[in-house]
């Protein structure tokens, strides 16, 4: 049974930490101001805009301790990761989830944060929020539907999303728990204790900056590790800033995906707004959604009875 | 074991991750060593991954024939389907024919690139079990070497391929010549011995184990699949090219988190050609730092800058065959054991 952390109420505390890459404090200011305007209180972790002078927002212990403190703090109702980058692999096995298990709270982010979503889903079956992070609030983003979808998700509003159709879509409808995130991270987790089990679930994927051949290789890994054959449904998000080899790979991402799943018959949609290019709707992992892929429309709707 | 805190016992039951340490508890399967080659034997050349032209394999054919072997180029040589040496079905059929052909005693992959994973699950390896033969290559061919070792327990050769034979033998650098000639030595059944530079980051020690490994990214990309490797008790070698330091760090974490570092006999770190950090994203750790940090909890020997990888100095390693790794403050050697079990 999936555990849903309590939804947020005005006056609740949202912590902002950076468990992976470095983020200057000023880049999170609009996010902080916006969360306060929404009626929440914001607790800034030491890893947001800390003294780090390298890639990471702090050394492993700093990042671990900051995240751990927010995880354990009974006054914090949600943890919003400031940004992704790289770094959770280095601390995931040292995070103590015992207090979180007793008192679940929302863990929010995407990209490298996929590791937290997958690990928590695989080991504890507690819902998390795959959603925009602090930088998404900048340059008018706070009013855009994507950051607004985070606000709605945190407040417990049921999501009802739609997206344009795509010629490769495969028609069908399914109701199942949602799982997924960044493809490179999901491939990187194969064989580890953080690997999600996708059987019977709606899987969503997105990625950025990858070579086409590498996307193909990662999909082979998912397929060969049994992660694509028994899906309930498949939601292909945004694959942006893709790179190609000097000698062209010869297939688009959409073609690569289509070829990998041609022997299965679950519903599939392409171009869903989840990813690194700003089109990034909040999605609750482990929570049950209904994916409807029809000839004229695509929708992903949180089921009304997903409380358990 | 993985350091996991705060998790109720029983959550990480082994049967949830059957691909991790799948051979744990089983008695070791005997290693099959293909017959070494004799003068007049035939080496097949095929492209299971990237493409190569007829012209590009000529230096390899001339050299191999000068060693007294015959060559048989498959019909994927000269084929091109975007980045591949022919369509999946063509590469599959060509490799299968090499496996099935009793005249072919060794299969030399013409080059790496990408694509072996497309055909691996469709190959019928039963002829190879009946009549083991040497499979030769590296880089993307790591998929084949790992798969064959894990599933069939047949030794193979990790080495340069056709695209690395020098056009002009007289002008080639000595390490390139030596690297190519080591393929002949390995195929002919010579006992192999290599040395590597002494590095202050090396960890001294001596150990015996079967030698397995390959391209680090490729090893990661087959984790969780039927081609995955169990490294317990093995000497593991890894190399890579064109990866960011953060990505190399992440891959070493992956090795650790999939249980591939904790019970090694030894670790051999080959060449790592680094992709420079993007400006403002300086990783701040070298490959030495990354590896040293990951192997700190263990006490097996570790050496760096071993001559295996995408650089010119890349000697043929007999994959799966027991070796002795000796790391002292002044020297490093990797020596094939004289009695194979």
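Things to note:
- A Förster radius of 25 Å, combined with the Cβ-Cβ distance separating residue B:88 from residue B:163, puts the computed FRET efficiency at roughly 0.75.
- Values of log10 I(q)/I(0) for region A:1-132 across q = 0.11, 0.17, 0.21, 0.22 Å⁻¹ run -0.34, -0.84, -1.31, -1.44, by the Debye formula with one identical scatterer at each alpha carbon and no solvent.
- Against chain B, whose longest principal axis comes from its Cα atoms, helix B:174-187 is set at around 80 degrees.
- Mean Cα-pair separation over length for chain B, i.e. relative contact order, pairs under 8 Å, 6 or more apart, %: 19 percent
- When chain A is treated as a Gaussian network with alpha carbon springs shorter than 10 Å, the biggest mean-square fluctuation among A:226, A:296, A:156 belongs to A:296.
- Grouping the Cα pair distances of the protein assembly as shown into 20 Å bins from zero gives a pair-distance distribution of 19, 50, 27, 4, 0 percent in increasing distance order.
- Helix B:88-100 vs. chain B, principal-axis angle (Cα, 0 to 90°, nearest 10): 80 degrees
- A straight line joining the Cα centroids of region A:104-127 and region B:179-228 runs 37 Å.
- Overall form of region B:81-159 per C-alpha gyration tensor (a/c, 1.5; a/b vs b/c): prolate
- For A:249, B:304, order by how many other beta-carbon atoms lie within 10 Å, fewest first: A:249, B:304
- Inter-chain Cβ neighbour average for residues B:252-262, partner chain, 10 Å: 4
- Peptide A:92-101 shows a mean partner chain C-beta count of 4 within 10 Å per residue C-beta.
- Inter-probe distance in nm under a simple model that places probes 7 Å from Cα toward Cβ, at residue A:254 and residue A:199: 3.3 nm
- For the peptides B:330-336, B:117-123, the ranking by packing is B:117-123, B:330-336, with the highest mean count of neighbouring Cβ atoms within 10 Å listed first.
- On the basis of the beta-carbon distance and an R0 of 45 Å, residue A:27 and residue B:288 show a calculated FRET efficiency of 0.85.
- Sorting the segments B:312-319, A:217-224 by their residues' average number of neighbouring beta-carbon atoms within 10 angstrom, most packed first, yields B:312-319, A:217-224.
- Peptide A:211-219 is shielded by partner chain Cβ atoms: per residue, an average of 4 of them sit within 10 Å of its Cβ.
- Pairwise centroid distance, computed over Cα atoms, of region A:1-41 with region A:236-308, Å: 26 Å
- Between helix A:145-155 and chain A: long-axis angle, C-alpha atoms, 0 to 90°, nearest 10: 60 degrees
- Once you reduce region A:139-159 and region B:258-289 to the center of their Cα atoms, the two points are 39 Å from each other.
- Distance between modelled label sites at residue B:31 and residue A:159, nm, 7 Å Cα→Cβ extension: 5.0 nm
- Average Cα contact separation per residue, chain A, under 8 Å, 6 or more apart, as relative contact order %: 20 percent
- For the options B:280, B:44, B:86, a Gaussian network treatment of chain B with springs between C-alpha atoms closer than 10 Å singles out B:280 as fluctuating the most.
- Using a Förster distance of 30 Å, the FRET efficiency for residue A:53-residue B:200 (Cβ separation, nearest 0.05): 0.70
- Between B:225, B:241, B:258, the GNM of chain B built on Cα springs shorter than 10 angstrom shows B:225 fluctuating the most.
- Stretch gain in nm, segment residue A:1-residue A:38, where the contour uses 0.36 nm per residue and the Cα spacing is subtracted: 10.2 nm
- Region B:193-300: relative contact order as a whole-number percent, Cα under 8 Å and 6+ apart: 31 percent
The numbers here are math on the coordinates, done by the rules we state, and not lab data. Note that the structure is a prediction, hence the values are computed from the model and not measured. Every residue, glycine among them, receives a Cβ derived from its backbone with ideal geometry; neighbour counts consider all protein chains shown.
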